[in-house]
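Working notes, beginning with the structure itself.
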Amino acid sequence: MRANHFLQIYNQVALAVFLTCGLVFLGAIAVAWWNSTQGELIEEPWDTASATPPAGEELETSQGTITVYKSRSPDDPEAVRNVRYVAMSSGKIARITDDTNASVYGERGVGELGRVALVKTGMRQDRPVFDIVFIAVPKLDRHVIAKSVDALDTVQKLDDSLFSAIIWDSVEDARFVIVDAHTGAIRDTRSLNFPDTRRTSGDS
């Protein structure tokens, strides 16, 4: 009887040791798996838990509110991309450019006539060239004022349908223009013959 009793105790101890080792082994596997999955989560580029919802800029006009959405450019801190305007009275949407990856510079208002911006379209002699795009308010019609220019300087509202601007077609050539905000057509243009052809206004 005593031998059987010792055998039972031995079997119970052996079983306990076996189960303990098994649990330790499974725990080690679980810890290794957890660490590997955490590494994958850290590398995930989009964290939905901390993502900021889109927020547009509201522009008040005599014809109602315009909401502006834009994205930061990953390549140039001075540029934005994918600029969109939404008319809150109708839901109509207009874009500065259909190319959502194009770099947009100097996006600004021209009184309540609309918004103007430079859209980068290429390079010329190691300098970027731009199209000047105007979005008329409140209809949100898009007009290309000029193409392949070097810069756009001062823009000023003249009355309820006209605005003026200084356009640099190249580093040497500048012109003063008057633009019809409803059609985007240049009504008048005058060459600016500066004795010193270096620009005195801010570059755009």
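The values are calculated or read from the model by the stated rules, or taken from the named source; none is laboratory data. For clarity, every value in this text was computed on a predicted model and none was experimentally measured. Neighbour counts are summed over all protein chains in view; Cβ atoms, including those assigned to glycine, are modelled from backbone coordinates with ideal geometry. Surface accessibility is based on the protein's heavy atoms, side chains included, excluding ligands, DNA and RNA. Shrake-Rupley method; radii C 1.70, N 1.55, O 1.52, S 1.80 Å.
Scan (1) more than 21 Å from the chain's Cα centre (by Cα); (2) open to solvent by less than 30 Å² (accessible area, probe 1.4 Å); (3) under 24 Å from residue 191 (Cα atoms) for the single condition residue 117 breaks and write down its number.
Of everything listed in (1) more than 21 Å from the chain's Cα centre (by Cα); (2) open to solvent by less than 30 Å² (accessible area, probe 1.4 Å); (3) under 24 Å from residue 191 (Cα atoms), residue 117 misses just condition (1).
Looking only at residues in segment 142-163 that are within 16 Å of residue 106 (Cα to Cα) and of a type in the set (Ser, Thr, Tyr), which one is surrounded by the most Cβ atoms within 10 Å (Cβ to Cβ)?
It comes out as 148.
So residue 171 clears everything in (1) touching a Lys or Arg at 6+ places or on another chain (Cβ under 9 Å); (2) within 16 Å of residue 131 (Cβ to Cβ) except one condition, right? Which one?
(2)
Would you mind finding the one in 56, 39 that is open to solvent by less than 90 Å² (accessible area, probe 1.4 Å), modelled with pLDDT of 85 or more and more than 11 Å from the chain's Cα centre (by Cα)?
The conditions single out 56.
Can you tell me which residue in segment 178-194 is least open to solvent (accessible area, probe 1.4 Å), limited to those that are assigned to a strand (DSSP E or B) and of a type in the set (S, T, N, Q)?
Top of the filtered list is 189.
Check residue 152 against each of (1) at pLDDT below 95; (2) not in a loop (DSSP other than H, G, I, E, B) and name the one condition it does not meet.
(1)
Within 19 Å of residue 74 (Cβ to Cβ) and in a loop (DSSP other than H, G, I, E, B), is that true of residue 102?
For residue 102, the condition - within 19 Å of residue 74 (Cβ to Cβ) and in a loop (DSSP other than H, G, I, E, B) - is met.
Keeping to segment 121-138, report how many residues are open to solvent by 80 Å² or more (accessible area, probe 1.4 Å) and touching a strand residue (DSSP E or B) at 6+ places or on another chain (Cβ under 8 Å).
2
Of the residues in segment 59-70, how many are touching a residue at least 24 places away in the same chain (Cβ under 8 Å) and open to solvent by less than 80 Å² (accessible area, probe 1.4 Å)?
6
Please verify whether residue 90 is within 22 Å of residue 161 (Cβ to Cβ), of a type in the set (S, T, N, Q) and without any contact (Cβ under 8 Å) to a residue 12 or more places away in the chain, treating the condition exactly as stated.
Yes: the conditions hold for residue 90.
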